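Below is one structure; the comments refer to it alone.
Throughout, read-outs are computed from the coordinates displayed, never taken from laboratory work. What you see is a predicted model, and the numbers here were worked out from it, not measured in a lab. Here the Cβ positions follow ideal geometry from the backbone for every residue, glycine too, while neighbour counts run over all protein chains shown.
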Amino acid sequence: MHDPSPAPDEGSGTLFGLDALAPGPSSGPSASGPPPSRPLFRDSAAARRLLPVREIHAEPAAAASPRGRQVLARFPDARVVEVDSHWGIPGLHGNEGNVERWVRLKGETLVLGERKTLTTRPNGRSADWIAPGASNGCAMACAYCYVPRRKGYANPVTVFTNVDRIIAHLGRHIARQGPKREPNQCDADAWVYDVGENGDCSVDALICDNTADLVHAFRQWPTAKASFATKFVNPDLLALDPRGRTRIRFSLMPPDDSRLLDVRTSPVAERIAAAGDFLDAGYEVHFNLSPVVVRPGWEEAWAELLRHLDDVLPERVKRQAAAEVIMLTHNRDLHEVNLGWHPRAEEVLWRPEIQQAKRSENGALNVRYRADVKAGAVDRLRALVAARTPWLRIRYAF
Ligand code: SF4
């Protein structure tokens with residue numbers, strides 16, 4: 001059952017959730033979605049409440065492509081606005097006036113574009129490689145999210161319609177690597193590719209088949225594995241048959257923090273409850289313990305969350321689980337934006353007395369916990385995991 005986050009312009013009540021699945025109209029053309037015999041969550045009233053799309057900004061070539069046509073058919077009542085580029089759309093990106101309608105914009109607006117740059121970057125922490133994503137932006141609105149920074153204040157989902165080119169690029173990249181010879185913390189055997197760095201693939205799957213296409217592509221690559229973090233439980237993903245080649249990482253934080261900070265996401269308990277189903281459907285299921293927000297009472301809250309994990313997860317999930325621990329990184333510009341739409345979030349995110357600022361390569365002023373605070377918190381969280389969930393291997397803590 002969804003426990004709605006306190007988004008300023010969201011009404012209260014159930015937004016979405018497994019129990020809210022309701023049959024809806026046909027999903028339009030689909031090359032590779034789940035079988036049509038079962039009702040699709042993406043056609044449910046709950047999914048449409050998350051994405052009541054009214055306006056689609058589209059590059060002409062993207063709109064004319066098969067994937068673009070699939071998206072336009074899903075939202076036939078949306079107004080289509082032609083744009084030269086999916087990047088820097090006047091009135092949508094970087095517009096201070098959007099702060100007041102920050103959350104609404106995320107659900108009511110989509111962008112269709114073609115991804116021009118196909119670059120896979122080495123990572124080594126969360127994954128071996130960061131793949132060029134098939135989307136950028138998100139319909140959810142976590143107050144600490146770094147995804148909007150480069151596009152400014154509003155960053156609804158941009159769907160890249162040329163996912164076929166992304167998959168062809170990945171195929172070449174994977175072939176060039178050959179087999180993985182040395183196990184590392186990312187994976188013992190496979191090269192791990194993060195396919196969702198700048199969005200949430202579970203939400204993208206409400207819009208079109210990009211996520212399905214990526215999951216299906218990785219089935220054919222025995223030396224590689226897709227990986228993405230998510231805060232949204234989309235039951236349609238259960239039908240994609242990933243055959244162990246996709247790792248889904250459910251992001252977790254104590255429910256009280258999540259209700260305050262994870263605006264528009266699935267409740268934490270729902271993400272945990274879904275783990276067994278995703279494992280049974282052929283996914284590898286890991287967890288992101290992130291972001292860890294240091295606030296009064298944080299240790300007790302995390303201890304309780306870990307106790308809950310230990311209580312409810314099936315043994316088969318525990319046997320294969322691993323976790324990433326990521327301490328909060330915040331940002332001065334985002335802090336200023338958040339004060340305009342969700343100031344209560346800043347009471348826990350903005351803690352200058354225990355944080356330090358550092359200018360990043362792109363000039364942004366990022367804010368992290370002071371080294372001593374961070375080291376102490378990581379040690380404490382490791383100790384809590386060792387005590388409460390000793391089966392949960394921490395892949396890395398950062
Ligand atoms: S779910 Fe992820 S991408 Fe979406 S708003 Fe939250 S942190 Fe950002």
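Structure notes:
- Rounded to the nearest 500, the 222 nm mean residue ellipticity of the chain from helices alone is -9500 deg cm²/dmol, with -39,500 (n - 2.57) taken per DSSP H run of at least 4 residues.
- Counted residue by residue at 0.36 nm each, then reduced by the alpha carbon distance between them, the extension gain from residue 84 to residue 181 reaches 30.4 nm.
- In order along the stretch 285-298, phi translates into HN-Hα couplings of 10, 10, 10, 9, 8, 6, x, 7, 9, 7, 8, x, x, 5 Hz, rounded to whole numbers, per the Karplus curve 6.51 cos²θ - 1.76 cosθ + 1.60 with θ = phi - 60° and x for Gly and Pro.
- Cβ-based exposure ranking for 251, 227, in which fewest neighbours within 10 Å come first: 251, 227
- Listed by Cβ neighbour count within 10 Å, with the fewest neighbours leading, 360, 126 appear as 360, 126.
- Placing a label point 7 Å from the Cα of residue 375 along the Cα-to-Cβ direction, none of the residues of the stretch 326-367 has a backbone N under 11 Å of that point.
- Diffusion constant of the stretch 18-397 at 37 °C, which comes from Stokes-Einstein with the Kirkwood Cα-pair radius and 0.692 mPa s, µm²/s: 154 µm²/s
- Unmatched cysteines, the chain - criterion: no other Cβ of a Cys under 4.7 angstrom: 138, 186, 201, 208
- Eligible lysines near residue 358 by straight Cα distance, threshold 16 Å, same-chain separation 8 or greater: 374
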